[in-house]
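What follows is a single structure, written as structure tokens, with notes after it.
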Amino acid sequence: MKVGLIGHRGAGKTTIFNMLTGLQAQTGGFGGKEEIHLGVIKVPDARIDKLSQIFKPKKTTYAEIRFTDFPPSEGEENLKSNQALVTQMREVDAITLVLRDFGAGANPIKELNDLMTEMILADLAVVENRRSRLKKEKARLQEEALLDRCSEALENEVSLRTLSFSADEENLASGFGFLSRKPVLVIFNQSEEQAGQSLSSSYQEELDRRQLQGLALAGKVEMEIAQLDENDRTAFLREIGIEEPARERFIRASYALLNLISFFTTGEDEVRAWTITQGAVARKAAGKIHSDIERGFIRAEVVPYDEFVICGSDAKCKEAGKLRLEGKDYLVKDGDIIHFRFAV
Ligand SMILES: Nc1nc2c(ncn2[C@@H]2O[C@H](COP(=O)(O)OP(=O)(O)OP(=O)(O)O)[C@@H](O)[C@H]2O)c(=O)[nH]1
Ligand SMILES: [Mg+2]
């Protein structure tokens, strides 16, 4: 999963990037260099820890999230005028909007409005460009109709996220990578005095009105926490009254936002977590591992994690009749341990 951090200058994007990745990218501006920072994290999962204890595999692989910390988008650097930046933003699966809610003159709701508008304008430019091109090409009625609808919404400052598309339309639209259709997680980056507080009701109402999801966190102090070693971290968190590091809340919120679940593969060689969208069937899940397994799919042997842990081994699961045989259309559940049988 790829997540992009977007926001105005000095909102705390790089601080939060550091908090998420444990890296130490320079905060306080790029000093004129408009760099992009990239970082990958392993998604902590106690179930993988446990499976790894049981199987003692050669390799343990957690799910990953890839973060991109973008340069600011604001004023002269607004998205519409920065095509190279927008092109990279179109590649992420989800956008995190970082809003400054600390320091003098903080106005996170205005920043939110501005950013939503910028994304809409960037999409409108793409739609209009494509529409005028289509006029010269031979008729592509379905695409034209879709673009007409998109154009109308965007002209009215409506994000494409709110439109419902058929599967065909979704397919067409996905090629454009519309920013205003990407899932958005809004972060209110607050001062350390507010560390550990949940989202205020007035912010929550703003988000609800826009049908967005968000969280409040104190970026700077959370970044410092992320850079501590584990023992110091727990003590420090308790001291300042934070129950759970923001990094973990962020990961959970992202999974929920994107409707993601994990399934596991186990064995002596590797214990591994795989991320799929809720609603994916067994054959599609197999394709996550390898296209050969998807193509040659025969069946899936499934044990839910909780039941596996009670039995303690593959053999005991089989004995207890906990191993289920499922076909290609089986709806994979969060926590399923799956062995795929396939022929190539
Ligand atoms: N007090 C306080 N300061 C913060 C917080 N988050 C970031 N800062 C400070 O704000 C300044 C800008 O933070 P950055 O993380 O560099 O912000 P940015 O959005 O990456 O900035 P640009 O990349 O220049 O757009 C730095 O001096 C940070 O230390 C916070 O939660 N509280
Ligand atoms: Mg930055």
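Taking a straight Cα-Cα cut-off under 21 Å and skipping sequence neighbours fewer than 8 places away in the same chain, the lysines within cross-link reach of K182 are K2, K13, K80, K110. Among V98, V184, sorting on how many other beta-carbon atoms sit within 10 Å of each Cβ, with the fewest leading, yields V184, V98. Each residue of segment 119-129 is assigned a 3J(HN,Hα), and the resulting list reads 5, 5, 5, 4, 5, 4, 4, 5, 4, 5, 4 Hz, derived from the Karplus form 6.51 cos²θ - 1.76 cosθ + 1.60 (θ = phi - 60°), x at Gly and Pro.
How many angstrom lie between the C-alpha centres of segment 282-344 and segment 161-184? Going from one Cα centre to the other spans 31 Å. Over the residues of the chain, the helix contribution to mean residue ellipticity at 222 nm works out to -12500 deg cm²/dmol, using -39500 (n - 2.57) for each DSSP H run of at least 4.
Amide H to amide H distances under 5 Å link F67 with V3, G39, V40, I41, where only residues 5 or more positions off or on other chains count and H is placed in the peptide plane. For the residues S159, S202, S254, a GNM of the chain with alpha-carbon springs under 10 Å puts the largest fluctuation on S202.
The phi torsions of segment 226-236, fed into the Karplus equation with coefficients 6.51, -1.76 and 1.60 and a -60° offset, translate into couplings of 5, 8, 7, 7, 4, 5, 4, 4, 4, 5, 5 Hz, rounded to whole numbers, with Gly and Pro shown as x.
Backbone amide hydrogens, once placed in the peptide plane, bring Q278 within less than 5 Å of L260, I261, excluding anything fewer than 5 places away on its chain. Sorting H8, H37, H339 from the fewest to the most surrounding beta carbons within 10 angstrom yields H339, H37, H8.
In segment 279-342, a dipole from Cβ-located charges (positive for Lys and Arg, negative for Asp and Glu) runs towards its positive end, and of G321, L331, G287 it is G287 whose Cα lies farthest in that direction.
Using only alpha carbon pairs under 8 Å that are at least six residues apart, calculate the relative contact order of segment 279-342 and give it in whole percent.
Numbers: 99 pairs, mean separation 32.0, N = 64.
Relative contact order of segment 279-342: 50 percent.
Rounded to the nearest whole Hz, the Karplus-based 3J(HN,Hα) values (6.51 cos²θ - 1.76 cosθ + 1.60, θ = phi - 60°) of segment 163-174 follow the sequence 7, 9, 10, 6, 4, 5, 5, 4, 4, 4, 5, 4, with x at glycine and proline.
With the cut-off at 1.5 for a/c, could you classify segment 279-342 from its C-alpha gyration tensor as rounded, prolate or oblate?
Values: a/c = 2.35, a/b = 1.86, b/c = 1.27.
Prolate.
Given axes a ≥ b ≥ c from the Cα gyration tensor, I'd like to know whether the chain is rounded (a/c under 1.5), prolate (a/b larger than b/c) or oblate. Judged from the Cα gyration tensor, the chain comes out oblate (a/c at least 1.5, b/c at or above a/b). Pick out which of P44, P71, P245 has the largest mean-square fluctuation in a Gaussian network model of the chain, springs linking Cα atoms closer than 10 Å. Comparing P44, P71, P245 in a Gaussian network model of the chain, the most mobile one is P44. In the elastic network of the chain, a GNM with C-alpha springs shorter than 10 Å, the most mobile of K138, K333, K322 is K138.
Within segment 248-344, list the GluC sites (Glu not before Pro) lying in a DSSP loop whose Cβ has at most 14 other Cβ atoms in a 10 Å radius. Filter output for segment 248-344: E268.
Coordinate-derived values only; no laboratory data. Remember, predicted model here, so these are calculated numbers, not experimental data. We place every Cβ from the backbone using ideal geometry, glycine too, and count neighbours over all the protein chains shown.
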